[in-house]
Amino acid sequence: MARYGTSGALDPSFGGTGIVTATIGTGGSSFATSVAIQPDSKIVAGGISSTICSSVCDWRFTLARYQRDGRRDASFGGVGSITSDLIGRLAALALQPDGKFVAVGTVFPPPIIGQPATALLARFIDDADAIFLPLARR
């Protein structure tokens, strides 16, 4: 992530250089696909992470939260990130007025990785327990 000032220059108060590079999960491979800014200026990156990645990865919906200065917010999920049980790819993330997150992406019907993906809309309801509540599945 990068933050720019009003002049268009990188803001060094963000990560020391204006750029923060970090994994969004707790291990293995990961990447962010979406970012949302909370009213308190905390930054939530949504994406996917995998701890198992040989011939096929077990990609899971993952959220990570950062402080305004780019430091990981350890109060979010206890380590600064949460990873759901949903096997699939998070494509977009939105913040609702009540402070909860809605994520959309594709999910693979467990346990058969490699089968056709299904669209999923999920609402993140508790950062301590990493609970996602599927709202619709087609």
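What strands (runs of 3 or more DSSP E) lie completely within the stretch 1-111 and have 1 or more residues being at pLDDT 90 or above and of a type in the set (D, E, K, R)?
By residue number, 60-66.
Restricting the search to the stretch 57-103, which residues are of a type in the set (A, V, I, L, M) and surrounded by fewer than 18 Cβ atoms within 10 Å (Cβ to Cβ)?
Ala74, Val79, Ala91, Ala92, Ala94, Leu95, Val102
The values are calculated or read from the model by the stated rules, or taken from the named source; none is laboratory data. None of these values were measured; they are calculated from a predicted model. Every residue, glycine among them, receives a Cβ derived from its backbone with ideal geometry; neighbour counts consider all protein chains shown.
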